[in-house]
Structures are given as C-alpha cells and as structure tokens.
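Read the structure below first, then the notes.
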Amino acid sequence: MTATVIAGTGSYVPERVMTNAELERMVDTSDEWIVARTGIRERRIAAADQATSDLGLAAARNALAAAGMRAEELELILVATATPDMSFPATACLIQAQLGALGAAAFDLSAACSGFIYGLSVADAFIRSGAYRNVLVIGAETMSRVVDWEDRATCVLFGDGAGAVVLKATDAEPRAGASGLIHTDIHSDGAAWDYICVPGGGSRIPPGHAMVDERAQFLRMRGNETFKVAVRNMERAARKVIDQAGVKADDLSLVVPHQANARILNAISDRLGLAERQLVMNLDRYGNTSAASIPIALDEAARAGRVAAGDLVLLLAFGSGLTWGATLLRW
Ligand code: UT7
C-alpha cells in the first residue's frame, strides 16, 4: 500500500531580530511579562522587500536540497499561509515560478496556525490515492504585516518565518516500522471564528471600505479563551492519533507542537506526561510564526540530530478557525 514519507526538511527565518527590549519601547510591556506569560524572548521580522513567498522559497530550496530532489520533479506544491503575498494568485504559484517547478499543481491552504498539519493531511491523501508521488508542503508567514503594533496583547506574540517538507510516496508500511506518516487527524470549529481573526481586507470589509473600525486589517485575538481551548484540543488530537496507532506517549521520541506559548506547550506536556527531552520548543527565538512554526521546529530538531530513523514523532497544531490537528509519523 502507498504511504507518505518525509524525504527532506528545510526552513528559513529573516535576519532581523526584534527583542522584547525593542517592544518595551513601542508599547506598555516588559521583558519580564513577555517571558513569564509566553516564553518568548525575540522574534524575526521580514525585511521591507520580503514577502511570504520569499521566505517560503528559501525554506523550499533547503528542503529540496535535503531531499536531494530537483524542483522539476515536484508534482504538487502546497503553501499553508494566513498571510499570502496577495489575494490571488496563490503564494504557491509564485513560489512554483521561482523554483522552476513548472510541471506541478500549486495552491494555498487557509487554516492559519494549523495550516501545516492541514497541508500534510491533504498531501498525504493525494499521495495515498496515487495522484502524486513528489509533493512540497510549505508553511510560510509574515505575521508582522497583520499584527497591530499598538496592541500589546498581541504584538509581542508573533514573528515571521517559513518551513517546508518534501514528501515522497513509499510502498513500505510506516505502521510496520518503515518511515512515513502513520495518522493525521484534523478538526475545525467555525462557531469560534472570532477567537482569532483579521476581520478586514477580504470581501466582508474590503480595502478602502468605510470601516467602522480603522484597525480591522489587523489581527485580533481573545487570548484567554483561545489558551484554554488550545490545550484541551491539542491534547485530544494527540491522544487520538497515538491511540489509533496503539502506542503510548512514552514511545514518542519527539513532540513538535505549534509554538504559540510556552505555558500552552508545558500544559500539554504535563497532561500527556512527556519528559523534557521529548518536547521541541523554539518559541523563545521566533515567537508564534503561525503555519511556519511546526516545520521550522521540525527542521531545527532534525538538523540538530534529535531524531533518528524509526523514531516516532508527533506534530500538534492549533489556530484560527478554530482549527486543530495532529500527525503521527515514523522518522
Ligand atoms: O497561534 C494561535 C493560537 N494562539 C494561542 O494559542 C494564544 C493563546 N493565548 C495566550 O497565549 C495568552 O492568553 C496570552 C499570552 C495572549 C495572554 O496571556 P494571559 O496570561 O492570558 O494574559 P491576559 O490576557 O489574561 O492578561 C493579563 C494581564 C492584563 O492586565 P489586567 O487586566 O490583569 O490588568 C493584560 O492587560 O496582562 C496584561 N497584558 C500585558 N501586560 C504587559 C496583556 N498583554 C500584555 C503585555 N505586557 N504584552
């Protein structure tokens, strides 16, 4: 039976570092508050001439190099992003052109911070169906362009960056010990759409609209409520995929959660009974990079030698929509 294997990972973050000290000069906040409440110490900010496709392109090139695959071999390019270069065409098409992957289908996927897990799920379905054998999934964001830099409750949280994986079809079975995706599980609850949103800029409040609120083009979040649902739903998704596979939390070599808040990650870790060595956390350096956070953290962990062939890895996501999900894979 056909299954999906990760053939290579890559990531890219912009050079410019924005520290908490810099934010102290912009809004009424402090390094102490940000570190204690979120775990974030600094984040990366895209240069004025960099858009989401530029970050995604760099991550994609790194992933293709790691996989030893040429761009022309790609059959599908999926970009998970909440901050596309433009409404259309898709950021995936812009990256396709830069890569020279002209034989591929390319489209964007909108699931905010859960976008990468949604992307893996879609790619896995295409590969298992036999439609494609070589797929590139990218999570890329320039959150700095939608953050309200006057709102201390949100502007301290987010950063820019991109991560990517090259996926290939395999005929070996991951459940029987071969490398590959074992289970993906994705969920949504649209009734809670307003927990995290950018209300303006689309067809409801288009650009130039006589807005009631001139800040409608910026991100809004009901942080407290989001926090609680995030912990509950990521734990539930994690348990579902590990139960389905008949494994225990102890068996996981690595858990790579969406990097939203260190307190959320620690709460999930406590609930699942994880040891510190199992949890990947890099939000101190990048903040919340939305759809990019899981592939960046996965790529860093892989390059640091934190995973070996045969290891079980769990990816966990939560974000606007609301959306959430999990992927269990064998490295
Ligand atoms: O990626 C998508 C998923 N997103 C998430 O999962 C985010 C989930 N939420 C969170 O991470 C947290 O709720 C936040 C980090 C956003 C906020 O942390 P919190 O512990 O829930 O704080 P809070 O919103 O309850 O605010 C506590 C206090 C308030 O002051 P008062 O009302 O107690 O006087 C806020 O005004 O902290 C204040 N505050 C700040 N103070 C200094 C809020 N932001 C800041 C700030 N600096 N940046």
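Throughout, read-outs are computed from the coordinates displayed, never taken from laboratory work. The structure presented is a predicted model; accordingly, all values stated were derived computationally and were not measured. Here the Cβ positions follow ideal geometry from the backbone for every residue, glycine too, while neighbour counts run over all protein chains shown.
At an R0 of 30 angstrom, the distance between the Cβ atoms of Ser87 and His187 translates into a FRET efficiency of 0.65. Length gained on full extension, Glu22 to Asp151: 45.0 nm, using 0.36 nm per residue less the C-alpha separation. Expressed as a fraction of 2.2 N^0.38 Å, the C-alpha radius of gyration for the range 190-324 is 1.22.
Were the residues from Ala125 through Ala178 laid out at 0.36 nm apart, the gain over their Cα-Cα distance would be 17.3 nm.
At 0.36 nm per residue, minus the direct Cα-Cα distance, what do Asp311 and Trp33 gain on full extension? Give it in nm, one decimal, please.
Values: separation 278, 0.36 × 278 = 100.08 nm, distance 3.67 nm.
Roughly 96.4 nm would be gained on extension.
Taking Cα centroids, how far is the range 162-213 from the range 15-50 in Å? After rounding, the separation between the Cα centres reads 25 Å. A Förster distance of 45 Å, applied to the separation of the beta-carbon atoms of Leu102 and Asp213, puts the FRET efficiency at 0.55. Assuming charge only on the beta carbon of Lys and Arg (+1) and of Asp and Glu (-1), the dipole of the range 134-292 about its Cα centre is about 160 debye to the nearest 20.
Computing FRET efficiency as 1/(1 + (r/R0)^6) for Asp171 and Ala65, where r is the C-beta to C-beta distance and R0 is 22 Å, gives about 0.30. Dipole magnitude for the chain: computed about the Cα centre from +1 point charges on Lys and Arg Cβ and -1 point charges on Asp and Glu Cβ, it is near 600 debye. For the range 252-260, backbone phi angles converted through the Karplus equation (6.51, -1.76, 1.60; θ = phi - 60°) give residue-by-residue couplings of 6, 7, 8, 10, 10, x, 4, 8, 9 Hz, Gly and Pro being listed as x. Charge tally for Asp250 (other residues, Cβ to Cβ under 15 Å; Lys, Arg +1; Asp, Glu -1): -1.
Take the Cα of Asp284, go 7 Å toward its beta carbon, and the backbone nitrogen atoms of the range 6-37 under 15 Å from that spot belong to 20, 32, 34-37. Comparing Gly319, Gly202, Gly163 in a Gaussian network model of the chain, where Cα atoms under 10 Å apart are tied by springs, the biggest mean-square fluctuation is seen for Gly202.
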